[in-house]
Each structure stands twice: as structure tokens, then as C-alpha cells.
1. Take residue 121 and tell me if it is surrounded by fewer than 19 Cβ atoms within 10 Å (Cβ to Cβ) and either assigned to a helix (DSSP H, G or I) or at pLDDT 95 or above (or both).
2. With respect to the numbered conditions (1) out of contact with any strand residue (DSSP E or B) (no Cβ under 9 Å at 6 or more places or on another chain); (2) closer than 16 Å to residue 21 by Cα, which one is the sole condition not fulfilled by residue 111?
3. Read through the list (1) within 19 Å of residue 44 (Cα to Cα); (2) free of Cβ contacts under 8 Å to residues at least 24 places away in the same chain; (3) outside any helix (DSSP H, G or I), then give the number of the only condition that residue 127 fails.
4. Go through the stretch 135-174 and give me each residue that's modelled with pLDDT under 90 and closer than 24 Å to residue 93 by Cα.
5. Please state which one of 33, 37, 85 is modelled with pLDDT under 95 and either part of a helix (DSSP H, G or I) or over 14 Å from the mean Cα position of the chain (by Cα) (or both).
6. Restricting to the stretch 158-184, name every residue that is over 13 Å from residue 98 (Cα atoms) and in contact (Cβ under 8 Å) with a residue 60 or more places away in the chain.
7. If you scan the stretch 13-22, which residues turn out to be at pLDDT below 95 and crowded, with 17+ Cβ neighbours inside 10 Å?
8. Tell me, yes or no, whether the stretch 93-102 has at least one residue that is free of Cβ contacts under 8 Å to residues at least 40 places away in the same chain, surrounded by fewer than 19 Cβ atoms within 10 Å (Cβ to Cβ) and out of contact with any strand residue (DSSP E or B) (no Cβ under 6 Å at 6 or more places or on another chain).
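The values are calculated or read from the model by the stated rules, or taken from the named source; none is laboratory data. Here the structure is a predicted model, which means the values were calculated and not measured. Counting neighbours? That spans all protein chains shown, and the Cβs are built from the backbone with ideal geometry, glycine included.
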């Protein structure tokens, strides 16, 4: 049981976590993840990719985070100029959950064509990067994904999961995003340990 949930002192009191949510079905778990982080005392800023907004609404995340959800780097509804740099300086830890195969490939290649990617390039490695992969087991075991994961690990990116279990497509295997409670424990370990 977490320190905050047990009635003790929140273990992440005042710590700043930037949560990037990418476009996979596991995004439905992110409001619970934000709630658990806040119960532990963390301040949470959320960046929602365009794909993620198909699975979880900005309103749901704003409600549990207590602050506006960030979404666009360019175009209509974009964030103010240089917002990606402000967010990168603000973050003590960047957490990406779920982290799709697409996200891992972009991160490994250093591509930055959206708000989350640009924040990552500006924040990491000064702020630790923790990713919680979520994808079909075939995608997780693909040689290109394995290569991307190996490169990211070599660069110092931390991983939590993926887990083995039931997947969204009525299959079972490795690729299930870790539960919010496990992810929070890893955030605590990295920030308060």
C-alpha cells in the first residue's frame, strides 16, 4: 500500500511528474494513474497526443490532474510558443504511459514532431524518462521494437513492464501495460528513493 493511501506522508510530496499519454487502448488507465500519483503528493502535468485523445478525453485527465491538459505543438489549439521548454524545465521526471511501439520508435530515432516528443528532447536526460510500454505481444517482440528498446535502455531510459496477461484483442501474452499502482511504485523509487 502506498504511503499516501496508508495515511502516512505522501512519498512524492511536491515532486513534479510530466505524464505523456500516447495512443493505445491502455490509455484508459491513465486517469487512475494520475489520481494515484496525486494521492502520493505529486504535481502532474499531462501531455495528450492526438492518438491518445481517441482513447481518453482531455476533460477526464484535467479533472484528475487539476490542471489543463497539454496537446498541440503546432496548429489550432497549440500551446504557447516555447511551452515545450517550460514543461521540460518544470519536469523532475517524465513518464510515458502507455508507450506505444510508434512512440518507442520515434524516441529511439530522436524525432520530434509533436509536443510530447519536443518536451522529451528538451527534458531528457536532465530529468529521468520512465516508459510503460503497451502493445500487442507481436509488436513487442518484433526485432525493430527490440532494437529500439535496447537503444533507449542504453541511453538511460527506464522501463516498467510490459506485463504478461490478457490483451485488448482477446489474446494473451507480453505487452500489457503495468497497472497504475506498479508504475507509481517505480516513480517513487526513481524520485524519492
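1. For residue 121, the condition - surrounded by fewer than 19 Cβ atoms within 10 Å (Cβ to Cβ) and either assigned to a helix (DSSP H, G or I) or at pLDDT 95 or above (or both) - is met.
2. Residue 111 satisfies every listed condition except (2).
3. Going through (1) within 19 Å of residue 44 (Cα to Cα); (2) free of Cβ contacts under 8 Å to residues at least 24 places away in the same chain; (3) outside any helix (DSSP H, G or I) one by one, residue 127 breaks only (2).
4. Within the stretch 135-174, 163 is the sole residue that qualifies.
5. It is 85.
6. 168, 181, 184, listed by residue number.
7. Those that are at pLDDT below 95 and crowded, with 17+ Cβ neighbours inside 10 Å: none in the stretch 13-22.
8. Keep residues of the stretch 93-102 that are free of Cβ contacts under 8 Å to residues at least 40 places away in the same chain, which gives none.
Looking for residues that are free of Cβ contacts under 8 Å to residues at least 40 places away in the same chain, surrounded by fewer than 19 Cβ atoms within 10 Å (Cβ to Cβ) and out of contact with any strand residue (DSSP E or B) (no Cβ under 6 Å at 6 or more places or on another chain), one finds none in the stretch 93-102, hence no.
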